[in-house]
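Below you'll find the structure, written out as structure tokens, and then a few comments.
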Amino acid sequence: MSMNNKIAGVVAGALLVAAGLMPASGLAQYPTKPVRLIVAFPAGGSTDIIARLVAQRLGEKLGQQVIVDNRGGAGGTIGTEIAAKATPDGHTLTMGTTSTHVIAPAAYAKVNYDPVKDFEPITLVASTPYLLVLHPGVKANNLKEFVALAKSQPGKLNYASAGTGSTTQLAMEMLNRAAGMDIVHIPYSGNGPAGAAALGGQVQALFGSMPAVLPHAQAGRLRPIAVGTSKRSPALPNVPTVAESGYPGFEVSLWLGFFAPKGTPKAVLSRLQKELVAIANSPDMAAQFEKNGASAVTNTPAEMTALMKTELDKYGKVIKAAGIQLK
């Protein structure tokens, strides 16, 4: 190759990098090492379950291992902040959720990341209902009976959540307000610990995300009494929705998607989006999601940004009405 051709090649490559169409190391070389997938909640929760299902398949597609790194605490803000500040080269991703990218920024007085400005949205991969479950010792077989029981003992019953300001707290607070109940909130560090508290009888109720609580509901270790979405879940077709049970308009669900730090090369983002959409929509992955009470959902980065902005407004109003303000 002549010197002129070499110079032209270097200049062309530099222009592609500057335009974000090719990472500095070259798209063909991505990834050059294992990819770190930060999950901002403890192992065993819904986010962790879905993340691990997708991570294994993504690793196969990329030809590098995708390692799940659980960094729980503070409503998911600790792990999400770590992800926001990671090197933007495609080797650090995070599984963002309604909690980390909508609830926490609205509930905390200050978070050290901006869900829109500090991240590159890639695609949603799944959504899942919230499921209201009771410890088997609670003398209520449906939502109507549970509401009556709670009203007969104001301030006596308690419920677990995945943390103060989490969607699991907001789901229950929305129900408290709709039904006029007074149930005490007991926050935990994630869906896994919250589920363990419900199983052990330390709390009477949990409005948990489906993947975390479904196995216990199916096995009879927890009693499912209502689904938070507007339609019943195929995983529990005999369990009515909250809306069906006397509270029309009640709707709460959890979405899960992949994000990269702001500034990640566009070519890397494009490849990840293509691979993740294919993984989520594959029949076997869709079946795995359904087994865990989730549904495959994919979209574009622009649609993810629009979703976040809409839900920041929606949940911000709920948080303000509930008087939730975290430091």
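Just so you know, all these numbers are worked out from the coordinates, no wet-lab data involved. Note that the coordinates shown come from a computational prediction; the quantities given were computed from them, not determined experimentally. Every residue, glycine as well, gets a Cβ built from its backbone with ideal geometry; the counts of neighbours run over all protein chains shown.
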How far, in degrees from 0 to 90, does helix 167-179 lean away from the longest principal axis of the Cα atoms of the chain, to the nearest 10? 30 degrees
What is the angle, in °, between the Cα long axis of helix 3-18 and the longest principal axis of the Cα atoms in the chain? Nearest 10 is fine, range 0 to 90. 20 degrees
Using 0.36 nm per residue of separation minus the Cα-Cα distance, give me the extension gain between ARG177 and ALA196 in nm, one decimal. 4.3 nm
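Classify the stretch 134-227 as rounded, prolate or oblate from the Cα gyration tensor: take a ≥ b ≥ c as the square roots of its eigenvalues, call it rounded if a/c is under 1.5, otherwise prolate when a/b beats b/c and oblate if not.
Details: a/c = 1.57, a/b = 1.16, b/c = 1.35.
Oblate, because a/c is 1.5 or more while a/b does not exceed b/c.
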Working out 0.36 nm times the residue gap between LYS61 and ALA109, then minus their Cα-Cα distance, what length gain in nm do you get to one decimal? 13.3 nm
Using alpha carbons only, how many degrees (0 to 90, rounded to 10) separate the axis of helix 143-152 from the longest principal axis of the chain? 60 degrees
Counting C-alpha atoms alone, how compact is the chain: give Rg to one decimal and Dmax as a whole number, in angstrom. 21.4, 87
Using a Förster radius of 35 Å, what is the FRET efficiency between GLU290 and LYS317 based on their Cβ-Cβ separation? Nearest 0.05, please. 0.65
